[in-house]
Amino acid sequence: MNHLESEEALEFINKNKQNPDFILLDIRRKRDFQKNRIDGAINIPYFDEDFDRKLKKLDRNKIYLVYYSADAVSNITVETMDELDFKNVNKIAGGISRWHKNGLRIISSIKVDYVI
């Protein structure tokens, strides 16, 4: 498992962007994913009842970059993926929180309505 700092993760994403075997995996709650995410991510929420089943269905030979809001949950997920014999699993150190704090781009879906 590789812990990639935000800038390293961005380089890793850019390097693998066109690779069909690369998966950027956001494991936050669906509502958080819908609010903002890193471009190109797919969402399998860690706290969903069927998370383990969905995780086990993933191709173990693909390249994964996993993130959560911070480190704890992504650490558990990456360790589980290692135990399930996933071949190439990486995580964004500090999660999307540090990514955003470091000024890196996220996609935001938040609508703001102004009442005048």
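The values are calculated or read from the model by the stated rules, or taken from the named source; none is laboratory data. None of the values given here were measured: they were computed from a predicted structure. Ideal geometry is used to build each Cβ from the backbone, glycine not excepted, and the neighbour counts take in all protein chains shown.
Points to keep in mind about this one:
- Residues in region 70-93 that are in a loop (DSSP other than H, G, I, E, B) and modelled with pLDDT of 95 or more were compared, and the one that is surrounded by the fewest Cβ atoms within 10 Å (Cβ to Cβ) is D85.
- Scope region 28-46; condition more than 14 Å from W99 (Cβ to Cβ) and aliphatic (A, V, I, L, M); matching residues: I42, I44
- Within region 33-69, the set of residues being of a type outside the set (D, E, K, R) and farther than 19 Å from R105 by Cβ comprises I44, P45, Y46, F47, F51, L55, L58, N61, I63, Y64.
- Qualifying residue in region 52-66 (condition: within 16 Å of L10 (Cα to Cα), out of contact with any Cys (no Cβ under 9 Å at 6 or more places or on another chain) and surrounded by fewer than 11 Cβ atoms within 10 Å (Cβ to Cβ)): no
- Total residues in region 12-34, condition among the charged types (D, E, K, R) and loosely packed, with under 15 Cβ neighbours inside 10 Å: 5
- So L65, is it in contact with a helix residue (DSSP H, G or I) (Cβ under 9 Å, 6 or more places away or on another chain) and either in a strand (DSSP E or B) or within 13 Å of K91 (Cα to Cα) (or both): yes
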